[in-house]
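Every number here is computed from the coordinates shown, using simple stated rules; none is lab data. Nothing here was measured: the structure is a model prediction, and the numbers come from that model. Counting neighbours? That spans all protein chains shown, and the Cβs are built from the backbone with ideal geometry, glycine included.
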Amino acid sequence: MASSASGTVLMMHADADHSQPGPARSYRGLIILLGIVSALGPMTTDMYLPALPQIAREFSTSEAAVQITLTGSLLGMAVGQIVFGSLSDSFGRRMPLIIGLFAHTAFSVLSALAPSIGWLIVFRALQGAGSAAAPAIAMAIVRDISTGRNASKRYSTIMFIATGAPIVAPLIGSALLLYTDWHGIFLIQGAMAAALAVTAIIALPETRDVRHHLEQAGFLTGVKALGRDRVFVGSTLSQAAMMAASFCYISGLSFVAQDWYGVSQQVYGLILAGGAVVMLGMNRISPRLLRSRTPHRVAVIGLVGALVVAGLMMLAAPTLGLIGVTITSWLCIGFQQLVTPNNQAMALSGHSQFAGVASALIGAASLVAAAISAPLLGLLGTDNGFNMGLAMFAFYALSLVSSIVIIGRRADHL
């Protein structure tokens, strides 16, 4: 009863929380909780990376086979976003999120007990599906309580909190390996998810009036409605192309730095940490720009910046070497922080009744694009960083064209 009452109150405030300045509630505690819950995905992916060689040795398998556990997790997240996002439109936000967190807990434990690499891949995919409930439903909750610029600012705050996970997760994993093995890492991941589930049971309010929207909530119905909205389509395609560029950085920089320039794993880890710090700094710029600009304009600024810097990367690679590639790649992923929260705000702005489906489709499209970009970059081959810059430039250009041509001026009212 208490959850239902709090949900009604939140829905009333959401109707009044528009993009213009006013006495709208901040929901600071709720946004912080959503940021912490959203960090579970990156923690799930990055925390066990230092243990990959150990897993390969224990199962007497190849590194390529162990890396499939990463691919499985990525695909699980894509499917999980669609499942849990759709369920949240029909049954409210709280229960699907809590179920997803407990599913993550269960499959973390099963991953720790996996008897073979094949079973580990399966359990990792299901673990990823459980963790996908968090980002999909977090986006939908923000749309329940806000829209326009206020929503963009709240997405930025969630991203700011979640972005810290890639910095600390490998460090935590490395520290844990001093006291335990890879089995222990998965058990601790399960404990983290269980703690978040209990916190959600206690502190997470229901933000969706299911009784009012149940007859409208359906995955196919939502897909049809969203497909007719050029702002949603343009924002989703723009976000997917940008994430493809981002994954070129994630998958390509490792080979460029370690194989071409010969840096150690420790130095490569510092390069990744430096990029994450730049992301955190750039994340705080978007809310400031939103004071005088629309979300679409801020997103375009970010894409233009990323496109220009990716071009500079191609020039820097043969002249400045690793230093030039590192700095330009940092700036590229930094400019992305101006794009993601505003694409999310635009995509969900007119779809409160299908916010769960909308957030799920954005997330799934981004994950699929990211998974496709890695082998495409592999076809170009590893070099001094020029090919990575070229691939990122192409995806940023596609993202910018999607934003300008498909969205146009249709989001100027936000």
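The HN-Hα couplings worked out from phi for segment 351-360 by the Karplus form 6.51 cos²θ - 1.76 cosθ + 1.60 (θ = phi - 60°) are 9, 4, 6, 10, 4, x, 5, 4, 5, 5 Hz, whole numbers, x standing for Gly and Pro. Computed about its Cα centre, the charge dipole of segment 1-211 is approximately 440 debye, with only Lys, Arg, Asp and Glu carrying charge at their Cβ. When +1 charges are put on Lys and Arg Cβ atoms and -1 charges on Asp and Glu Cβ atoms, the dipole computed for the chain relative to its Cα centre reaches about 1160 debye. Dividing the summed -39500 (n - 2.57) terms of all DSSP H runs of n ≥ 4 by the residue count of the chain sets its mean residue ellipticity at 222 nm at -26000 deg cm²/dmol. Here the dipole of segment 218-409 is about 820 debye; that uses its Cα centre as origin and unit charges on the Cβ of Lys and Arg (positive) and Asp and Glu (negative).
Between Ala347, Gly311, Gly389, the Cα set farthest toward the positive side of the dipole of segment 218-409 (charges on each charged residue's Cβ, about the Cα centre) is that of Ala347.
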